[in-house]
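Colleague: Below you'll find the structure I mean.
A short reminder: the numbers here are calculations on the coordinates, not readings from a lab. These numbers were taken from a predicted model, which means no experiment stands behind them. We place every Cβ from the backbone using ideal geometry, glycine too, and count neighbours over all the protein chains shown.
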Amino acid sequence: MYGNHQAQARYATKLRFLLGLAQRMNEATGNASVPPVQQAMGQLAAYASIVDGLLHSHETMGVVDEDGVAWPSRTSLYAMIALQSELNPKMFEIVRELTGAGMITLPATDKELTNPETRDDVARFYKSSNMSAAERVALMRLAWDFIGSEFASRHLQYEKFYGGASYIMKTNMYRFYDFERSTAMVDRALSLPPIE
């Protein structure tokens, strides 16, 4: 369980970086104040906040066993692992939409930034209102590395299956969820005695 707790701390940090990257790209293109962009960023922020909240609840809802060892909340832990394989691709797709063609319409190498035959065109066509061409190319290459490259594809696969097949994590979530408390609420609402 401690390994999974650490993995969720890592994942929360990774998502925070993803949101920072998306926000910087929006600022570079001047789209940060556009309502549909803000809506997409709000959705990303909501997903990242779910991960952060569940990570914190690992600790606040955790238990201390008879030996005095503190354990993360299994419910919170398995909830995040069960959702991670679905949320991660959605988040990456939102960022892909926000970048548009920006990640793939880059100069092939850094040499285009200094080559006398190409540098003026690169400086002219890749700059934005608040970022030089070199800064924007560096930002978009970082975005490509994070969500478009072979490395990024491997990480997407890793986040989907690091805890095992999603049905295993969802089954663990089922095993550790307090259904007794939930069904007791229904029984009270129906004024029925608890089923034994």
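Colleague: Can you tell me the length gained on complete extension of the stretch residue 96 to residue 17, counting 0.36 nm per residue apart and subtracting the Cα distance?
Modeller: Computed gain between residue 96 and residue 17 is 27.0 nm.
Colleague: Modelled label-to-label distance, residue 70 and residue 176, 7 Å Cα→beta-carbon offset: nm?
Modeller: Result: 1.7 nm between the two label points.
Colleague: Evaluate the charge dipole of the range 17-88 about its Cα centre and quote only its size in Debye, nearest 20, assuming +1 on the Cβ of each Lys and Arg and -1 on the Cβ of each Asp and Glu.
Modeller: Values: 2 positive and 7 negative charges, 84 e Å.
Using Cβ point charges on Lys, Arg, Asp and Glu, the range 17-88 gives about 400 debye.
Colleague: If you don't mind, there's one more thing I want to ask. For the range 140-196, state the semi-axes of the equivalent ellipsoid (square roots of 5 times the eigenvalues of the alpha-carbon gyration tensor), sorted largest first and rounded to whole angstrom. Walk me through the numbers before you get to the answer.
Modeller: Values: eigenvalues 403, 35, 6 Å².
Three semi-axes, in Å: 45, 13, 6.
Colleague: Using DSSP to call loops (not H, G, I, E or B), can you name the trypsin sites (Lys or Arg not before Pro) in the range 70-152 whose Cβ has at most 16 other Cβ atoms within 10 angstrom?
Modeller: On the way: sites: 74, 90, 96, 111, 119, 124, 127, 136, 141; in loops: 127.
Here the trypsin sites (Lys or Arg not before Pro) that fit, given the DSSP loop and packing criteria, are 127.
Colleague: Here's another thing I want to ask about it. So what is log10(I(q)/I(0)) for the chain at q = 0.09, 0.11, 0.14 1/Å, when the Debye sum runs over its Cα atoms only?
Modeller: -0.49, -0.65, -0.89
Colleague: Treating the angle as unsigned and between 0 and 90°, give the value, to the nearest 10°, between the Cα long axis of helix 133-147 and the longest Cα principal axis of the chain.
Modeller: Around 30 degrees separate the two axes.
Colleague: With 10 angstrom as the radius, rank 186, 137 by how many other C-beta atoms surround their C-beta, starting from the fewest. Intermediate values should be presented prior to the final figure.
Modeller: On the way: 186 9, 137 20.
Taking fewest neighbouring Cβ atoms as first place, the list is 186, 137.
Colleague: How far is helix 2-29 tilted off the main Cα axis of the chain, in degrees rounded to 10, range 0 to 90?
Modeller: Orientation of helix 2-29: about 40 degrees from the principal axis.
Colleague: So, one more: Give the residue from 105, 191, 174 lying farthest towards the positive end of the charge dipole for the range 64-196; charges sit on Cβ (+1 for Lys and Arg, -1 for Asp and Glu) and the dipole is referred to the Cα centre.
Modeller: 105
Colleague: Starting from the Cα of residue 111, draw a straight line to each of the aspartates and glutamates and keep only those under 18 Å, dropping any in the same chain fewer than 8 residues away.
Modeller: Qualifying aspartates and glutamates at Cα under 18 Å: 120, 121, 135.
Colleague: Here's another thing I want to ask about it. How far is it, in nm, from the label point at residue 49 to the one at residue 104 when both lie 7 Å from their Cα along the line to the Cβ?
Modeller: Result: 3.3 nm between the two label points.
Colleague: While we're here: Determine which lysines satisfy two conditions relative to residue 160: a Cα distance under 19 Å, and not lying fewer than 8 residues away in the same chain.
Modeller: 14, 90, 170
Colleague: Sticking with this structure for a sec: Give the angle, between 0 and 90 degrees and rounded to the nearest 10, that separates the Cα long axis of helix 35-60 from the longest principal axis of the Cα atoms of the chain.
Modeller: That works out to roughly 40 degrees.
Colleague: Output the relative contact order of the chain, whole-number percent, from Cα pairs under 8 angstrom with separation of 6+ residues. Provide the component values of the computation, followed by the final result.
Modeller: Working: 166 pairs, mean separation 46.0, N = 196.
Result for the chain is 23 percent.
Colleague: Further question: Out of the range 1-99, which GluC sites (Glu not before Pro) are coil in DSSP terms and have no more than 11 other C-beta atoms within 10 Å? Can you show the working numbers first?
Modeller: On the way: sites: 27, 59, 66, 86, 93, 97; in loops: 66.
Answer by residue number: 66.
Colleague: Let me ask something else about it. What fraction of the Cα pairs in the range 103-176, stated in percent, has a spacing above 16 angstrom? Provide the component values of the computation, followed by the final result.
Modeller: Details: 1660 of 2701 pairs.
Value for the range 103-176 (Cα pairs over 16 Å): 61 percent.
Colleague: Suppose every K and R has +1 on its Cβ and every D and E has -1 on its Cβ; what is the size of the dipole of the range 2-176 about the Cα centre, in Debye to the nearest 20?
Modeller: Details: 17 positive and 18 negative charges, 45 e Å.
That gives a dipole near 220 debye.
Colleague: Taking 0.36 nm per intervening residue step and subtracting the Cα-Cα distance, what contour gain separates residue 56 from residue 125 on full extension?
Modeller: Numbers: separation 69, 0.36 × 69 = 24.84 nm, distance 4.45 nm.
My answer for the length gained is 20.4 nm.
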